[in-house]
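One structure is given here, and the rest of the page talks about it.
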Amino acid sequence: MVAGLKWYPILMILTWQKVAPFIFIINLVERVPSLRRLVFTLGGLRAIVGALIGLNQTKLAPMLGASSITHRGWVSIGAVCGGFWIYFLIYIGSLLLLIVALRRQRVFIAGLLTLALRGLPPFVIFIGK
């Protein structure tokens, strides 16, 4: 879906439009504790599926879309474990910096931020995961 969009609409789709559904999931998990295991399991499956989809992408925008699926899984796990807002804010910040670097054509910084979104050890999202 994000393959044909420009960078700022991609940013809006991959970040702010997820807030309301995640707040719903957090409230649902808090009110119905028996759903924790289901949300945790589905979040893990979503993280795996998004990673597998991302392996087949050659362009950056579809790769970010697949990465977004993976991050939704991690955020779902965070909703169950209590670290939702920390991880989600780190993700939004990293994605925002990546979009700004891409718009300004800062190739090296964009490459580092792309690695950061993958969750490699020296980067901030690794701590969130």
Checklist entry - If we scan region 116-129, do we find a residue that is touching a Phe, Trp or Tyr at 6+ places or on another chain (Cβ under 9 Å), surrounded by 17 or more Cβ atoms within 10 Å (Cβ to Cβ) and among the aromatic types (Phe, Trp, Tyr)? => result no
Next on the checklist: Just checking: which of the helices (runs of 4 or more DSSP H) contained wholly in region 42-129 hold 1 or more residues that are aliphatic (A, V, I, L, M) and touching a residue at least 60 places away in the same chain (Cβ under 8 Å)?
Outcome noted: 60-81, 84-103
Next on the checklist: Against the condition over 30 Å from GLY111 (Cα atoms), touching a residue at least 40 places away in the same chain (Cβ under 8 Å) and either surrounded by 17 or more Cβ atoms within 10 Å (Cβ to Cβ) or touching a Leu at 6+ places or on another chain (Cβ under 6 Å) (or both), how does VAL39 come out, does it pass?
Outcome noted: yes
Checklist outcome for this item: Residues of region 22-36 being surrounded by 11 or more Cβ atoms within 10 Å (Cβ to Cβ), free of Cβ contacts under 8 Å to residues at least 40 places away in the same chain and farther than 13 Å from TRP85 by Cα, in sequence order, are PHE24, ASN27, LEU28, GLU30, VAL32, LEU35
Next on the checklist: Which residue is farthest from ALA3 (Cα to Cα), if the candidates are limited to region 45-61 and must be out of contact with any His (no Cβ under 8 Å at 6 or more places or on another chain) and not hydrophobic (A, V, I, L, M, F, W, C)?
Outcome noted: ARG46
Checklist entry - Restricting the search to region 50-71, which residues are of a type in the set (A, V, I, L, M, F, W, C) and either under 20 Å from CYS81 (Cβ atoms) or over 14 Å from the mean Cα position of the chain (by Cα) (or both)? => result ALA51, LEU52, LEU55, LEU60, ILE69
Checklist entry - If only one of VAL100, VAL75, VAL29 is of a type in the set (A, V, I, L, M), closer than 23 Å to PHE126 by Cβ and more than 16 Å from the chain's Cα centre (by Cα), which one is it? => result VAL100
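Read-outs throughout are calculated quantities, based only on the coordinates presented, and are distinct from any laboratory measurement. Only a predicted model underlies this, so the values are computations on that prediction, with no experimental measurement involved. Every residue, glycine as well, gets a Cβ built from its backbone with ideal geometry; the counts of neighbours run over all protein chains shown.
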